[in-house]
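This report refers to the structure that appears directly beneath it.
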Amino acid sequence: MDDKERLEAIIEYTGKRINALAKDLGFPNGNVLYNIKSRRNGISASLASKIAEHYPEINLNWLLTGKGKMLVENNEESDDLIERVAFLEDYIKGLSARVDMLEIKLNASRLNALNRKN
């Protein structure tokens, strides 16, 4: 089951139209969901977290990978996955900031090397 099919299953489960679901999830319109439905984009970790927060009965692992059942049998598993996704998002942000800092240092080193040559 691909992202489009999982999104369609969620829409059917909630009984909402795309724009209404998008607004429930905090988006101004349905563009994010329409892009998934047209297969331009996939379901991101951020979107999956929003869906799982609003619909904790939806299995986050299924949402991200298509593996398992759509609905969780206990919310502890879902809560654990939401926490892990949030941790990984923060970790990635930290790595991104570190890469930015290293790029600045590299550019400064290159500039110093050029200045020494001149």
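Here, each number is a calculation from the coordinates, and none is a lab measurement. It should be emphasised that the depicted structure is a prediction, and the values quoted were computed from it without experimental measurement. Every residue, glycine as well, gets a Cβ built from its backbone with ideal geometry; the counts of neighbours run over all protein chains shown.
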Pairs from K16/K67; K37/K67; K16/K69; K93/K117 whose Cα-Cα separation, in the structure shown, is over 27 Å: K93/K117
Go ahead and run the numbers for FRET between L95 and D2, Cβ-Cβ distance against an R0 of 22 Å, rounding to 0.05. 0.20
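What relative contact order, as a whole-number percentage, does the stretch 22-118 give when Cα pairs under 8 Å and 6 or more residues apart are counted?
On the way: 61 pairs, mean separation 15.3, N = 97.
About 16 percent, as a whole number.
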Under 5 Å between amide H atoms, partner at least 5 residues away or on a different chain: which partners does I58 have, H built in plane at 1.01 Å? V72
For L25, distant residues with modelled amide H under 5 Å away: none
Taking the Cα centre of each part, how many Å lie between the stretch 101-118 and the stretch 4-79? 46
Please list, in order along the stretch 92-105, the HN-Hα scalar couplings obtained from phi with the Karplus expression 6.51 cos²θ - 1.76 cosθ + 1.60 (θ = phi - 60°), rounded to whole Hz, x for Gly and Pro. 5, 4, x, 5, 5, 5, 5, 4, 4, 5, 5, 5, 5, 5
Rh by Kirkwood over Cα pairs, then Stokes-Einstein D for the chain at 1.567 mPa s and 4 °C, µm²/s: 79
Estimated FRET transfer efficiency (N41, L88; beta-carbon r; R0 25 Å; 0.05): 0.85
Could you give me the ³J(HN,Hα) list for the stretch 13-20, computed from phi with Karplus coefficients 6.51, -1.76, 1.60 and θ = phi - 60°, whole Hz, x at Gly and Pro? 4, 6, x, 10, 7, 4, 4, 5
The stretch 3-75: which GluC sites (Glu not before Pro) are DSSP loop and have at most 10 other beta-carbon atoms within 10 angstrom? E73
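Can you compute the FRET efficiency between N29 and N61 using 1/(1 + (r/R0)^6), with r the Cβ-Cβ distance and R0 = 22 Å? Round to the nearest 0.05. Don't skip to the end; give the middle numbers.
Numbers: r = 28 Å, r/R0 = 1.28.
E between N29 and N61, to the nearest 0.05, is 0.20.
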